[in-house]
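This report refers to the structure that appears directly beneath it.
The values are calculated or read from the model by the stated rules, or taken from the named source; none is laboratory data. It should be emphasised that the depicted structure is a prediction, and the values quoted were computed from it without experimental measurement. Note: ideal-geometry Cβ built from the backbone for every residue, glycine included; neighbour counts use all protein chains shown.
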Amino acid sequence: MAIEFKLPAVAEGIESVDIAEILVAEGDTIEAGAIICEVETDKSVAEVDCPHGGTIAKILVKTGQSVPVGTPLVLIDTATGSAKTPETVSESPATDSDGSDVTAPPKSEPAPAAATPNGEKYEVEFSLPEVAEGVASVDIAEVLVSVGDVIKAGAVICEAETDKSVAEIDCPDAGTIKAVHVAVGQTVNVGEPLVTIEITSSPESSTPPAAPPTTTEAAAAPSKAVSSALVVETADSSDRRPPAPAGPATRRMARKLGVDLYQVQGSAKGGRIVIEDIEGFVRNRLAQPAAPAGGSASVGIVAAAPLPDFSKFGPIEKQPLNKISRTAAANLHSAWITIPHVTQHNLADITELESARKRYVKDNPKSPKITMTAIMIKAVVGALRTFPKVNSSIDLASGELVLKKYYHIGVAVDTPNGLVVPVIRNCDQKNVLQVAAELTELAVKARERKLKIEDMQGASFTITNLGGIGGTSFTPIVNHPEVAILGMSRGQKVLQMEEEKIVERLMLPLSMSYDHRAINGADAARFIVKLSSSLTNFFELF
Amino acid sequence: MADKHAQLVVLGGGPGGYPAAFAAADHGMQVILVDEGKQPGGVCLNRGCIPSKALLHVAKLINESQEAADWGVTFQPPEIDLDKLRDFKDNVVGSLCSGIEGLCKARGVELIKARGTFTDSSTLELKSANGVVSTVSFDKCIVAIGSIPTMPPFFDIGDDRVMDSTGALELKDVPQRLLVVGGGYIGLEMGSVYAALGSEVTVVEMSPGLLPGADRDLMSPLRKRLMKQFAAIHVNTKVAKLAATDDGIVASLEGEGVEPELTFDRVLISIGRRPNSRNCGLEKTQVEVDERGFIKIDRNQRTADPKLMAIGDIAGEPMLAHKATREAKVAVETLLGEPAEFDNIAIPAVVFTDPELAWAGKTESEAKAEGLDYTAHRFPWAASGRAQSLGRTEGITKLLVEPTKQRVIGVGIVGPGAGEMIAEAVVAIEMGATARDLADSIHAHPTLSETIMEAAESVFGQPTHFYRPTRKK
């Protein structure tokens, strides 16, 4: 039979993904557990494997398409063995019936059919057996086979309703359904024919030939898949979306307030949206600061001005933004306009630290590579312990500062697919070697797009290091809901006066952007000074 | 200058028009209701829902008095006083219609009994039954001019033995042989009335089944019962010609296994209704009318003409009184600037045959055609104590459920009282209820409403009074 394999839940809270790559082709035979495609979520790529083995009858999605969880991805024919040949498919007569031919006149006599190389074919009638004691007739509740179906011995032909129960009628013979003599709702007496079955007597094989069902189901199933795909495509237009789960009064309130119900998470049983959900949604939106003065009064993110037609100025090329870029753009925009940013710069003297680091790396080639980022993580944790407000989030709705008693440090990693921020957890409980090892591992995972959602959640502070590229200073954007982010630029050698002598020192430019609502300027300066001095007098780190 | 002016004119006094006029007046608008009938109420009250229900009630009484013989209570065959029966029906209609006139007065709605024709987007010419012509201008007009039975010219042979539903409701006599052309709800309802009164009723339907649109599994118990009440039901059959003779109307039938010519004492043409968009001056306004004659509207009942709104049968399918009433409220609230919208998910449909057939939300055939992901859950009334006690176990309650959240998307019911029961389904669907909501709500015992609860139980388990083995994989 053909199975629609649907997009499973990729990670908690992920409702839709972009199809990054499709790894199977129509006609491929796959085993259970094979990877069907790679999908991109907000920040990671996941592989989607399919629990069903069989032949890919149809691929229902395209690379680049955004699909919600539950969307059919492929149609898999699970009945086909590898023995399927194109000839049997094209020869099969079953395609001319769609199974609706329930009015075909019953054949009362078994009629021998033409003999085939596989064995002799003959037709038998399967009649309604005795369903229960004293039951002379039943109503057909459901017919589960149609003309052309190949059934195994013991397959359920129909459901029959008696006064108080439903019985499944199974057929002891295997073969191809040639005629169905009953229809739903019909009253049938015990002994009356239900179906005519063509049986192939094939001594070496007890299983029926697999080709015919492939044809019928593959032929029937894509049309169904097409229609459901249509539903998905049109789901964007508001009129064709299935109604949001909310009662008339709730819908009316949403209309009044201009709330799009599809954006509201329902809290009642079964995800139903109640009036309180709309109130909560509006309260949340209003808690976000309004657009900058002079902007429109609309709640939320201000839309950018429309773009001119660039092609009239010169040649252009359009590249679609992937999901990572789109999400990053939205988050950065939101953080930039909602958080009052201040950036505090400083130069940290890392002359001794850097030579000690280089020495250690040289002498311990087998140990995890200690990078300046790894050291900085430990230094930051030390400074965060001293200035807990920097390790917090600001909750404007409740008017509270949420101080975190954990030290999860996010590290921005540049990958060919965009910027991702894996998180190293509980850095206060790890030594610098452990941090360095974990950092290397996460960076590799990031570049291979193997990071999971959990790998990127829960940071309480973020570090972004551009030192490997260059530059003297920059203004990082706070990674909401954190309140501070540390930028590192390239270390520079400077000449300094020290006890009347000119000395060369290696200075590391640090740029910390912070949310001025959570941290005042003096504390930020104290934080960066403390951080810098801990790098200079680095024994504090151990 | 027009003779009169109103803030709002409602054109048409049916179940769309009069609720619109009342709602607008209740909100302080100055309203004129224009209706061409002798008494307001439209088709629904005068020659539709209400009189047919009065007659169907009598039909049910007659049938039950006969069925009672099986329970040991035998009545004499009924004597039918047609004049008195007609009076009963006319009194029902009369009291409801005069009730509407009374409500107009109470609310300060001016009722003008005249036919209104648009002369432009802000004026109506009014012609009363006695030929007096006047004009009324308006700021806004709600067009609620309804529909009429379809009567193709080749059936319109100028003989009053060929009737439409209006003629059938007049109950001029009880014909010995009645042909009902069209197996839709009007044909089956009126056929049931005449069959109970003693006519031999033959139903001819062009499509493969009665009540196209209804799910076949729900249709099946009704069909079985109608087969007993009616002399014959011919589906896939066409009436090619009607000819008047002294012996009766001779119908030429085309269909498998049907006699090519049959003679009837009366013929009821009930093949559908069409919107009343002709001959009312709509072309003088900016209103847009589609190819079937319906006025095009948006979800707020606004037409392409900024001064005109449209509600009810004239504004599109389904042509049902209760849809018109809801649209009336939407139209008036829109005029008042309220956040109304015709966003209804479930418009119930009820066929008042015996058994009744009712559905709301998606039918199973719609769900299939739209490729929706759904599961169907049937509860047979044979397992309902209440149905057993009524001696009516043929009913079925069916729930269509969306599988991921188990939200109820459609309900179909066949059985006595289905028309009353469907209300619960409508609320459930509109509220976004899940099967669990219905199953966990206590339903009074012993009532037929329990079948909805039990059908819902079968979505995630086994209903108490029915056992369905889970399918082997």
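In the list B:Ile249, B:Ile295, B:Ile314, which residue meets the criterion of being in contact with a helix residue (DSSP H, G or I) (Cβ under 7 Å, 6 or more places away or on another chain) and touching a residue at least 24 places away in the same chain (Cβ under 8 Å)?
When all the criteria are applied, what remains is B:Ile295.
For residues that are part of a helix (DSSP H, G or I) and within 13 Å of another protein chain (Cβ to nearest Cβ), tally how many sit in segment B:325-350.
Total meeting the criteria: 5.
Out of A:Thr207, A:Thr200, I need the residue that is at pLDDT below 80 and in a strand (DSSP E or B). Which one?
On the way: A:Thr207 fails: in a strand (DSSP E or B).
From the options A:Thr207, A:Thr200, the qualifying one is A:Thr200.
Quick one: which of A:Lys430, A:Lys450, A:Lys530 is over 25 Å from A:Gln344 (Cβ atoms), touching a residue at least 24 places away in the same chain (Cβ under 8 Å), outside the structural domain of A:Val45 (by TED's automatic domain parsing) and surrounded by fewer than 22 Cβ atoms within 10 Å (Cβ to Cβ)?
Matching residue, one of A:Lys430, A:Lys450, A:Lys530: A:Lys450.
Output the residues belonging to segment A:392-413 that are part of a strand (DSSP E or B) and charged (D, E, K, R).
A:Asp395, A:Glu400
Table: residues versus (1) touching a residue at least 24 places away in the same chain (Cβ under 8 Å); (2) over 35 Å from the mean Cα position of the chain (by Cα); (3) surrounded by 16 or more Cβ atoms within 10 Å (Cβ to Cβ).
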{"position": "A:Gly314", "(1), (2), (3)": "no, yes, no"}
{"position": "A:Lys323", "(1), (2), (3)": "yes, no, yes"}
{"position": "A:Ala329", "(1), (2), (3)": "no, no, no"}
{"position": "A:Glu352", "(1), (2), (3)": "yes, yes, no"}
{"position": "A:Tyr360", "(1), (2), (3)": "no, yes, no"}
{"position": "A:Pro365", "(1), (2), (3)": "no, yes, no"}
{"position": "A:Lys369", "(1), (2), (3)": "yes, no, no"}
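Please count how many residues of segment A:489-519 are exposed (fewer than 12 other Cβ atoms within 10 Å of the Cβ) and under 14 Å from A:Glu354 (Cα atoms).
2
If B:Lys127 passes every condition in (1) touching a strand residue (DSSP E or B) at 6+ places or on another chain (Cβ under 6 Å); (2) surrounded by 18 or more Cβ atoms within 10 Å (Cβ to Cβ) but one, which one does it miss?
Every listed condition holds for B:Lys127 apart from (2).
Enumerate the pairs (first residue in segment B:109-131 and under 12 Å from B:Lys4 (Cα atoms); second residue anywhere and part of a loop (DSSP other than H, G, I, E, B)) with beta-carbon separation below 7 Å, excluding pairs fewer than 6 apart on the same chain, so at least 6 apart or on different chains.
B:Ser122/B:Lys307; B:Thr123/B:Ala2; B:Leu126/B:Ala114
Inspect all residues belonging to segment B:316-324 and state whether any of them is out of contact with any Ser or Thr (no Cβ under 8 Å at 6 or more places or on another chain), within 14 Å of another protein chain (Cβ to nearest Cβ) and not hydrophobic (A, V, I, L, M, F, W, C).
no
Count, please, the residues in segment B:303-313 that happen to be surrounded by 15 or more Cβ atoms within 10 Å (Cβ to Cβ) and within 12 Å of B:Cys141 (Cβ to Cβ).
Count: 7.
Restricting to segment A:143-181, give me the number of residues that are part of a loop (DSSP other than H, G, I, E, B) and within 11 Å of chain B (Cβ to nearest Cβ).
Qualifying residue count, segment A:143-181: 5.
When residues of segment B:1-44 are filtered for being closer than 14 Å to B:Cys104 by Cβ, touching a Ser or Thr at 6+ places or on another chain (Cβ under 9 Å) and part of a loop (DSSP other than H, G, I, E, B), how many remain?
Counting residues in segment B:1-44 that are closer than 14 Å to B:Cys104 by Cβ, touching a Ser or Thr at 6+ places or on another chain (Cβ under 9 Å) and part of a loop (DSSP other than H, G, I, E, B) gives 1.
Quick one: is B:Val459 within 14 Å of chain A (Cβ to nearest Cβ), farther than 20 Å from A:Glu142 by Cα and in contact with a strand residue (DSSP E or B) (Cβ under 6 Å, 6 or more places away or on another chain)?
no
Can you tell me which residue in segment A:1-19 is modelled with the lowest pLDDT, limited to those that are in contact with a strand residue (DSSP E or B) (Cβ under 6 Å, 6 or more places away or on another chain) and of a type in the set (Gly, Ala, Ser)?
A:Ala2
Would you mind finding the one in A:Pro245, A:Pro193 that is in contact with a Leu (Cβ under 9 Å, 6 or more places away or on another chain), more than 14 Å from chain B (Cβ to nearest Cβ), at pLDDT 85 or above and surrounded by 14 or more Cβ atoms within 10 Å (Cβ to Cβ)?
Answer to the selection: A:Pro193.
Residues B:Phe75, B:Phe118, B:Phe88: which one is of a type in the set (A, V, I, L, M, F, W, C) and surrounded by 18 or more Cβ atoms within 10 Å (Cβ to Cβ)?
Among B:Phe75, B:Phe118, B:Phe88, only B:Phe118 is of a type in the set (A, V, I, L, M, F, W, C) and surrounded by 18 or more Cβ atoms within 10 Å (Cβ to Cβ).
Can you find even one residue in segment B:238-255 that is within 30 Å of A:Glu142 (Cα to Cα), more than 20 Å from the chain's Cα centre (by Cα) and within 14 Å of chain A (Cβ to nearest Cβ)?
No, because not a single residue in segment B:238-255 is within 30 Å of A:Glu142 (Cα to Cα), more than 20 Å from the chain's Cα centre (by Cα) and within 14 Å of chain A (Cβ to nearest Cβ).
Note down all Cβ pairs under 8 Å where the first residue falls in segment B:367-381 and is within 9 Å of another protein chain (Cβ to nearest Cβ), the second is of a type in the set (Phe, Trp, Tyr), and they're at least six residues apart or on different chains.
B:Pro380/B:Phe466
Strands (runs of 3 or more DSSP E) wholly in segment B:232-284 with at least 3 residues that are surrounded by fewer than 17 Cβ atoms within 10 Å (Cβ to Cβ) and of a type in the set (Gly, Ala, Ser) - which ones?
The strands (runs of 3 or more DSSP E) meeting that bar are B:238-244.
Got a sec? Which of B:Pro416, B:Pro446, B:Pro469 is under 16 Å from B:His377 (Cβ atoms) and either away from chain A (no Cβ under 14 Å) or modelled with pLDDT under 90 (or both)? Give the steps one after another, and end with the answer.
Working: B:Pro416 fails: under 16 Å from B:His377 (Cβ atoms); B:Pro446 fails: under 16 Å from B:His377 (Cβ atoms).
Every option except B:Pro469 fails the conditions.
Suppose we filter segment B:436-473 for residues that are touching a helix residue (DSSP H, G or I) at 6+ places or on another chain (Cβ under 8 Å), in a helix (DSSP H, G or I) and among the hydroxyl-bearing types (Ser, Thr, Tyr); how many remain?
Number of matching residues: 1.
Against the definition (in contact with a strand residue (DSSP E or B) (Cβ under 8 Å, 6 or more places away or on another chain), of a type in the set (A, V, I, L, M) and more than 10 Å from every other protein chain (Cβ to nearest Cβ)), how does B:Ile452 come out, yes or no?
yes
Taking A:Glu168 as the residue in question, decide whether it is under 45 Å from the mean Cα position of the chain (by Cα) and modelled with pLDDT of 50 or more.
When the stated conditions are applied, A:Glu168 passes them.
Of all residues in segment A:414-423 being part of a strand (DSSP E or B) and free of Cβ contacts under 8 Å to residues at least 40 places away in the same chain, which is surrounded by the most Cβ atoms within 10 Å (Cβ to Cβ)? Before you say what the answer is, go through the steps one by one.
Restricting attention to segment A:414-423, the residues satisfying the condition of being part of a strand (DSSP E or B) are A:414-415, A:418-420, A:423.
Then keep just the ones that are free of Cβ contacts under 8 Å to residues at least 40 places away in the same chain; that gives A:414-415, A:423.
Working: A:Asp414: 16, A:Thr415: 15, A:Val423: 21.
Step by step, filter segment A:414-423, then rank; the result is A:Val423.
Based on what the data block shows, is B:Glu364 in contact with a Leu (Cβ under 8 Å, 6 or more places away or on another chain) and within 13 Å of chain A (Cβ to nearest Cβ)?
When the stated conditions are applied, B:Glu364 passes them.
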